Structures are given as structure tokens and as C-alpha cells.
1. Which ranges mark the helices (runs of 4 or more DSSP H) fully within the stretch 132-251 that have 3 or more residues being farther than 30 Å from residue 100 by Cα and either over 15 Å from the mean Cα position of the chain (by Cα) or without any contact (Cβ under 8 Å) to a residue 24 or more places away in the chain (or both)?
2. If a residue must be among the β-branched types (Val, Ile, Thr), under 19 Å from residue 92 (Cα atoms) and not in a helix (DSSP H, G or I), how many such residues does the stretch 1-29 contain?
3. Could you grab me the full set of residues in the stretch 30-44 that are more than 16 Å from the chain's Cα centre (by Cα), closer than 19 Å to residue 219 by Cβ and not in a loop (DSSP other than H, G, I, E, B)?
4. Give just the number: which of (1) under 23 Å from residue 162 (Cβ atoms); (2) surrounded by 18 or more Cβ atoms within 10 Å (Cβ to Cβ) does residue 230 not satisfy?
5. So which residues in the stretch 3-52 are hydroxyl-bearing (Ser, Thr, Tyr) and crowded, with 20+ Cβ neighbours inside 10 Å, if there are any at all?
6. Can you find even one residue in the stretch 73-83 that is within 21 Å of residue 225 (Cβ to Cβ), not in a helix (DSSP H, G or I) and not β-branched (Val, Ile, Thr)?
7. Looking at 145, 178, 170, 191, can you tell me which residue is surrounded by fewer than 22 Cβ atoms within 10 Å (Cβ to Cβ), touching a strand residue (DSSP E or B) at 6+ places or on another chain (Cβ under 9 Å) and within 19 Å of residue 94 (Cα to Cα)?
Amino acid sequence: MKLLDGMTAIITGAASPRGLGKATARLFAQHGARVAILDLDADEAAEAAADLPGQGHTWGVCDVTDKVACETVAADIIAQWGQVDILVNNAGITQPLKLMEIAPHNYDAVLDVNLRGTLYMSQAVIPHMRTRGQGSIINLSSVSAQRGGGIFGGPHYSAAKAGILGLTKAMARELAPAGVRSNAICPGFIATDITAGKLTDEMRAQVLEGIPMGRAGTADDVAGCALFLASSLSAYVTGTEVDVNGGSLIH
């Protein structure tokens, strides 16, 4: 059963071969969706789109911190396809800084890409989704938002990802009457390019000790959750934050 037959999806920051965005794009495509991969590098975005199973996929260059760029690329995709059913706000950056090390430019960079970018890209598709009376917006937050820090992200990263949770719930409340859903995913320790090579064996063992399932997550683990939130299986789900962390944040 293909859960996204006839649907279309925009995924930001999805060109990295082993990233969460690319894994989500691949799973969406396997379930029948046409996918638009957005990223900063045209060649990488084009290559990632060409690598997806199925046909009709596209790509675009977009700096999510640029409101006009978000509006332009969204309008282009809507004109090309006639519809956008799903938006995954995946684009993000992290910096492993301590509290007193955060300079103004660090704060601006991390808050802008993670939080402002989520707002701008959502604003770019919301009028279209409202007109159609349907849509699913999926925002990538982090366990760092919930526990006040993680393994790599500094306090400004925690703040940005916590802001995404508040934005997700506020959007869900405002957009629900229009049939548009908004949910967040909070990944825990996921083995991606961002985490590759940055942990000593001792650090890795310590991290895994705090995960009841005893393993790092994979990009596919996060993609599976995104598929659920994108599909009609979650038709009555909005304003939620879904933990994908192997039990590391059991309250």
C-alpha cells in the first residue's frame, strides 16, 4: 500500500546523501509522492532529486532564511505541480558551543536557519494549503529542545529547536479550521553525517547507555515518523511533538 499516492511534498535541506531530509524524500517517493528537494547547492539538489525512485520529482535552490526566496520557489513548484500537500521543514544547522561562547553571529546563524527558516517556508505554502483545505506541515525539532541540550548543539540550538515546538503548536491551532495540520518530530541521537566522526568510542558508549533501545537511531527511523505525519493515517493528529529517540526521554 502506497500511503502518499498522488501527493506532492517539499522537503528543505534534503540534498545530503545520508541526511534526514534525503531519507524522508526517498521514503515519500517509495510511497508514491512527487518530491521537491530544496537545498543551497543546485548540483547537489538536482542529483538528490534524480536519485529518488519513481518519476516527476523536482528540485530547487533556496536559502530558507530569505523570505522572498522561499516564496519564489514555492510558487514555482505550485505552478509546476498545481498542488503541494506536504511540507517538511528539515533544513537546519548546529554548533557545539557553550553558553558563554555564543557570539551574536552564532546566535543569528542558528536561530535564522532553524527557526526563521521554518517560519518563512511555512508561510510560503500556507495560503495555497488553506485554499485547498488540506495540507500537512512537519517540522524537525530535537530532543535538545526538550532536555536543554544534547550531544552537539549549543544552548542557542536548543533555543531554536524549542522555538520550533512553540511555532508548530501555534500553527496547528491557527490552521486546524482550514484543514491544515502541523506537527513536529524530535529526533534523539541519530547516526548521520552531522554526528559521524565526532564522537570518541567512550562518548558513544556513554550516549548509548542512556538509550533504552541500546542503539543510535537512523535517518530511516525519522523518515518513517514523517511518513506517518504526512499521510492520512495521522488525519486527526495536529499540534503534536513525536519523540524518535529509542526511549532516551521517557518521562
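1. 155-175
2. 3
3. Once the filter is applied, which keeps residues that are more than 16 Å from the chain's Cα centre (by Cα), closer than 19 Å to residue 219 by Cβ and not in a loop (DSSP other than H, G, I, E, B), the stretch 30-44 yields 30, 44.
4. Here residue 230 meets the rest and fails (1).
5. 8, 12, 24
6. no
7. 191
Just so you know, all these numbers are worked out from the coordinates, no wet-lab data involved. In this text the structure is predicted, and so the values were computed from the model without any measurement. Methodologically, a virtual Cβ is constructed for each residue, glycine included, from the backbone with ideal geometry; neighbour enumeration extends over all protein chains shown.
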